[in-house]
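Worksheet: one structure, shown below.
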Amino acid sequence: MSTCTLKRVLITLLLYSIILSADGKLGIQEHPGEYIPLNVEFKDEYNNTVTFKQLLDNKPAILTLNYFGCPHICTPQLQDLAKNLEMVNLKENKDYKVITLSFNPNETSEDAAHKKKELLSAMRRNFNADAWSFLTGKEVNIKKITQSVGFSYEKEENSPNGMVQYTHPAVLVAISPEGKITRYLNGIKQLPFDIQMAMLEASKGTVRPTIAKTLLFCFAFDPKNKTYVFAAEKVGAVLMSLILGGFFIYLLKSGRKQNTAKEKSSDES
């Protein structure tokens, strides 16, 4: 096989692996510096009609996008956030707010209240309950928020045991008091320092790059064994794209070196 043909094959395989790893465009398409709509109406955990403008109350906020019946990464992500908030050296409801929005339009304020009680009761210090809002709403309104921050998700059509499940990423979004998107923190686990810095920067409207790019969709939930399993086929696609990409770059560099050597040999002769 000629080098030219091999390169074409590698490019095809690389593109294919990238398509596999993209999960149908699921994930996060970051919109730093853009704004979320502040006047869209939702229901809070007390069944009150609220807007993001009311909830922010001229304060920065951490926005999480989850659903309360999620058996996947939502609960570990929210539990990690709750633990971090215990250690953040800021005063909740004064220096920052937290907003968790369910993207399942069938969930209710009762579901939101249950999840809030579960998380706050596990915290090791008294956390001002008014600082963390749990929202539900109509699908059209939910999508206005998810699309504004570039959060893509997909409902699983054949969920086990008839459970409503979604494929979705895990991310925290820092929002300024004016609704500006200032930073994304990807993944389930975060550091208290990173959350604190994100809130201090958001309070000033300072946009910062994403702290860390982590692999999303690496774990799936096994309802039979009630545990998390490694989604090897998804991670494998990402690794394949990286390996093929590196090999392709190596071939290009090798080809350039060979061409340079031939040119030098031609000049000397």
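Every read-out reported here was derived from the displayed coordinates using simple, explicitly stated rules and does not represent laboratory data. Source: prediction; values computed, not measured. Positions of Cβ are backbone-derived with ideal geometry, glycine not excepted, and every protein chain shown enters the neighbour counts.
Restricting everything to alpha-carbon atoms, can you work out Rg to Rh for the range 74-162 with a Kirkwood hydrodynamic radius?
Answer for the range 74-162: 1.00.
Please arrange 140, 88 by counting, for each residue, the other beta carbons lying within 10 Å of its beta carbon, fewest first.
Ranking 140, 88 by Cβ neighbours within 10 Å, fewest first, gives 140, 88.
Work through the residues other than residue 183 whose Cβ is under 11 Å from its Cβ and net out their charges, Lys, Arg +1 and Asp, Glu -1.
That works out to -1.
If you add up the charges near residue 139, with Lys and Arg at +1 and Asp and Glu at -1, over every other residue whose beta carbon is less than 14 angstrom from its beta carbon, what do you get?
Summing Lys/Arg as +1 and Asp/Glu as -1 gives +2.
So for 157, 34, fewest C-beta neighbours within 10 Å to most, what's the order?
157, 34
Rounded to two decimals, what is the ratio between the C-alpha radius of gyration of the range 25-214 and 2.2 N^0.38 Å?
Ratio of Rg to 2.2 N^0.38 Å for the range 25-214: 0.94.
Using amide H atoms built in the peptide plane, which far-off residues or other-chain residues are under 5 Å from residue 103 H to H?
Correct list: 66, 67.
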